[in-house]
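These notes concern the structure reproduced below.
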Amino acid sequence: MARTTRWLLLSLAALGVVFLPAFATPPVAAGPPQVTLGGTADRAEVDRASAAGRVRQLMSPWCTDVPTSVHAGSGGQAGYTVDWHPLSGRSEDPSVFIKVGLQWPTDHAGTRAVALHECAHILQYRAYGFDADALASDMDRIYPHGTSSGTEHMADCMADLMGAERSGVVDGQGYSAGYGGECTPAQSAAAAELIEGRLPS
């Protein structure tokens with residue numbers, strides 16, 4: 001009998017039948033998934049991703065599709081990378097990105113001004129087909145003798161139209177963002193065209 005039982009058990013095991021011991025606990029209905037963060041590095045990564053999401057919302061509706069990251073410190077950066085094929089030239093559309101420093105909280109007017117300024121650069125690049133020379137030349141024509149390059153001054157004027165407040169007081173503390181300089185009516189009109197994706201006249 002013992003041999004027959006052993007043969008039967010081996011045969012059933014070969015068919016994929018699994019025997020649980022009598023003390024096995026019955027399955028428990030699954031509850032909501034539990035997320036356990038491994039340590040400080042994991043929490044910091046989650047915090048950065050959350051802050052980057054809030055910064056993307058500041059740029060809505062113009063640049064929410066742009067990969068955005070945040071970092072400690074001030075300022076920001078907008079740019080793009082291009083893949084080139086040795087025979088056919090540019091292989092695909094450039095990849096754009098925005099980086100914003102968290103000198104202030106994400107709901108601060110200064111952070112919004114920086115984010116919108118960087119978003120304005122992305123709109124500039126797209127309108128000019130990622131031709132940096134054409135962009136720089138045209139911006140210097142529209143914004144001559146500014147406090148900075150025409151490209152930067154244009155980005156400030158565009159940010160103004162998108163709702164940025166480049167300077168002010170928040171919670172009793174003054175702040176300033178951007179490159180300074182006023183926007184004339186003609187410059188603001190040119191900025192509005194670029195926000196709409198058109199080259200300024």
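Remarks
- Part-to-part distance (alpha-carbon centres) for the range 49-73 and the range 157-173, which is given in Å: 17 Å
- Under 5 Å, built H, 5+ apart or other chain: amide partners of residue 146: none
No value in this document is a laboratory result; all are computed from the given coordinates. Fair warning: this is a prediction, and the values are worked out from it, not measured in the lab.
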